[in-house]
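The structure appears below as structure tokens.
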């Protein structure tokens, strides 16, 4: 008799490692690089950051970055927004979940009066 295994839970700790290995070549948490910065990405409209030259498809998409849309994006960006400029995807579902868990920790800085 086989013992059922518990489903894995997304881990921001694993996500930071995956992010460093797979995402940081083009992205940074706090500065635009080849790709836009990621701090505050959850809840932000795609293509909406100032001072970054997004593809017209991404800029015009009106997509809101949620855990679900980020997960789908990391699986296949072109399927989410045809004509966008990112040509990379994360094949592994656990890595996608972990990266999204990490991105969720990157809150926008508080605005102080």
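Regarding segment 86-98, can at least one residue be identified that is under 12 Å from the mean Cα position of the chain (by Cα), surrounded by fewer than 15 Cβ atoms within 10 Å (Cβ to Cβ) and not in a loop (DSSP other than H, G, I, E, B)? No.
Residue selection: residue 41 satisfies the criterion of being within 15 Å of residue 12 (Cβ to Cβ) and not in a helix (DSSP H, G or I). In segment 52-74, the residues that are over 17 Å from residue 15 (Cα atoms) never reach a residue that is at pLDDT below 95 and assigned to a helix (DSSP H, G or I) with C-beta atoms less than 7 angstrom apart, at least six apart or across chains.
Using beta carbons and a limit of 6 Å, which pairs, at least six apart or on different chains, have the first residue in segment 78-106 and on the phi < 0 side of the Ramachandran plot and the second one loosely packed, with under 14 Cβ neighbours inside 10 Å and at pLDDT 95 or above? Note: pairs meeting the criteria are 89/76. Pairs meeting the criteria (first residue in segment 25-36 and at negative phi and loosely packed, with under 12 Cβ neighbours inside 10 Å, second residue at pLDDT 95 or above and in a loop (DSSP other than H, G, I, E, B), beta carbons under 7 Å, at least 6 apart or on different chains) are 30/37; 30/39; 31/37; 34/26.
The values are calculated or read from the model by the stated rules, or taken from the named source; none is laboratory data. Here the structure is a predicted model, which means the values were calculated and not measured. Cβ: placed from backbone, ideal geometry, glycine included. Neighbour counts: every protein chain shown.
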